[in-house]
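Trainee: Attaching a single structure in structure tokens format; questions to follow.
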Amino acid sequence: MGFLAGLVPALLAALAFGVQYVPVKKYKIYDGTTFQWFMCSGILFVGVVAGLLGGDLARAPVDCAVLGGGALWALSNFAVLPLVKLLGIGLGFSLYHFQNMIVGYLVGRFGAFGVPCLEPAFPGSLYICDLGCGLILVSFVALLLVEGDNEKEAASSPAPTVHGKSQIEQPELTEKTNLRLESSAFSAFALEVEEEEEEVRSPETAPPEAARRKPWQTSALGVLLAIVAGSLAGVQSVPATLYNLAHPQYPSTAVVFPQCVGVWFASTGIYLVYSTMAGLRKRPVLHAVIRPAFVSGCIWALGFLFMIKGIHQLGFAVGYTLDAVGPIIVASLLSICWFREITGRRQLMIYWTAEGLQLIGVVLITAFSKQ
């Protein structure tokens with residue numbers, strides 16, 4: 001019963017994280033800073049409602065460590081925009097997911113930061129769990145191959161209209177609008193990453209590939225940002241987990257409100273600093289759409305609520321792994337079945353192979369560990 005009590009909310013969290021950006025898919029988010037602030041307003045709204053309905057505001061004081069966990073999420077989410085611009089969505093998100101997955105798994109596997117260690121179902125079974133984690137990481141590499149193939153096919157295909165404007169799509173622009181690798185909190189900036197001038201070059205005026213190639217210093221900076229963002233994401237729920245362990249008299253969802261407050265305060269600080277710097281440089285702060293961003297934030301907060309319940313029952317290594325990999329599967333299924341963004345026999349074969357590796361990896365980690 002305890003396993004099902006953890007598995008169901010973990011799957012619901014994966015579903016929420018996988019669909020959270022569907023409401024904003026057709027809208028522009030510009031540089032993402034204002035979008036994040038509107039989104040975090042939705043996160044705070046759900047946090048307050050959850051705290052009021054659960055009686056958590058009167059029962060448990062706001063914990064500063066959990067506030068810090070929310071701030072880590074906000075910083076991680078904000079770091080995605082520059083790494084996408086530096087590396088592209090394929091390499092950038094693959095590195096992020098790799099780091100997010102491996103950090104979250106290792107924290108629970110070895111009991112870092114005081115989190116309970118992953119316990120084996122029988123002697124030696126943890127090595128099978130490690131194999132499952134390795135299969136999931138290999139699947140990220142396979143997804144990179146899918147994207148590379150899509151870029152080649154899309155080089156001569158027309159782009160979908162954006163706000164009624166028809167555009168000629170290049171491989172670089174196609175890469176930025178693909179939902180395949182979206183998951184968790186980071187995919188918002190992949191929906192539409194545009195240059196500030198919003199200039200769309202035609203194939204005739206586009207610079208040659210050699211001219212567009214970024215220097216190694218730029219790539220190194222992008223890799224560093226991907227590692228930092230993924231690492232922050234992998235540990236952002238650790239304070240909430242430790243709080244629940246230290247306060248078993250409270251329900252596991254008591255951390256939702258302080259986590260959401262931390263997200264909102266950090267995002268507000270980021271927005272104020274960004275808008276102030278933009279004003280000093282006499283550059284406009286472009287405002288993203290409000291309501292869809294707010295809805296996305298509400299969905300994320302609900303996903304976090306379910307994720308905490310899953311981690312509480314399954315343990316950090318298993319619960320977090322499910323909610324790091326599950327959204328990728330959900331978003332990918334949406335990409336194929338709903339948005340029709342992955343086509344072609346070869347791309348689909350690679351995609352389903354990657355998804356199969358992810359499912360096998362999750363099953364191995366879940367089945368050969370003790371919940």
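Trainee: Does ALA16 satisfy the criteria of being aliphatic (A, V, I, L, M) and within 20 Å of ILE311 (Cβ to Cβ)?
Mentor: Taking the combined requirement at face value, the residue satisfies it.
Trainee: Just to check your reading of the model, which residue among TRP73, TRP37 is in a helix (DSSP H, G or I), aromatic (Phe, Trp, Tyr) and farther than 20 Å from ASN244 by Cβ?
Mentor: TRP37
Trainee: Oh, and also: Inside the stretch 321-343, can you point out the residues that are modelled with pLDDT under 80, surrounded by 13 or more Cβ atoms within 10 Å (Cβ to Cβ) and either of a type in the set (Gly, Ala, Ser) or not in a helix (DSSP H, G or I) (or both)?
Mentor: ALA331, SER332, SER335, PHE339, GLU341, ILE342
Trainee: Out of LYS309, LYS282, I need the residue that is at pLDDT 90 or above and charged (D, E, K, R). Which one?
Mentor: None of the others qualify; the one that does is LYS309.
Trainee: Turning to a different aspect of this structure: I'd like to check something: does the stretch 318-328 contain any residue that is closer than 21 Å to GLY230 by Cα, aliphatic (A, V, I, L, M) and in contact with an Asp or Glu (Cβ under 9 Å, 6 or more places away or on another chain)?
Mentor: Yes; the residues of the stretch 318-328 include at least one that is closer than 21 Å to GLY230 by Cα, aliphatic (A, V, I, L, M) and in contact with an Asp or Glu (Cβ under 9 Å, 6 or more places away or on another chain).
Trainee: Would you say GLN347 is within 27 Å of VAL107 (Cα to Cα), surrounded by fewer than 24 Cβ atoms within 10 Å (Cβ to Cβ) and touching a residue at least 40 places away in the same chain (Cβ under 8 Å)?
Mentor: Judged against the criteria, GLN347 is not a match.
Trainee: Here are some residues: GLY297, GLY303, GLY269. Which one is without any contact (Cβ under 8 Å) to a residue 12 or more places away in the chain and either loosely packed, with under 15 Cβ neighbours inside 10 Å or within 17 Å of GLN236 (Cα to Cα) (or both)?
Mentor: Of the residues listed, the single one that is without any contact (Cβ under 8 Å) to a residue 12 or more places away in the chain and either loosely packed, with under 15 Cβ neighbours inside 10 Å or within 17 Å of GLN236 (Cα to Cα) (or both) is GLY269.
Trainee: In the stretch 268-303, what count of residues is obtained for those that are under 23 Å from the mean Cα position of the chain (by Cα), outside any helix (DSSP H, G or I) and of a type outside the set (A, V, I, L, M, F, W, C)?
Mentor: 1
Trainee: Another one. Can you pull out every residue in the stretch 109-129 that is closer than 12 Å to ILE360 by Cα and under 24 Å from the mean Cα position of the chain (by Cα)?
Mentor: Once the filter is applied, which keeps residues that are closer than 12 Å to ILE360 by Cα and under 24 Å from the mean Cα position of the chain (by Cα), the stretch 109-129 yields only CYS129.
Trainee: Assigned to a helix (DSSP H, G or I), aromatic (Phe, Trp, Tyr) and surrounded by fewer than 17 Cβ atoms within 10 Å (Cβ to Cβ) - does that describe any residue in the stretch 225-248?
Mentor: The answer is no, given that none of the residues of the stretch 225-248 is assigned to a helix (DSSP H, G or I), aromatic (Phe, Trp, Tyr) and surrounded by fewer than 17 Cβ atoms within 10 Å (Cβ to Cβ).
Trainee: Among what's in the stretch 57-113 and is over 25 Å from PHE257 (Cα atoms) and of a type in the set (Lys, Arg), pick the residue that is surrounded by the fewest Cβ atoms within 10 Å (Cβ to Cβ).
Mentor: LYS85
The values are calculated or read from the model by the stated rules, or taken from the named source; none is laboratory data. Owing to the predicted nature of the structure, the values given are computational and were not obtained by experimental measurement. Virtual Cβ from ideal backbone geometry, glycine too; neighbours counted across all protein chains shown.
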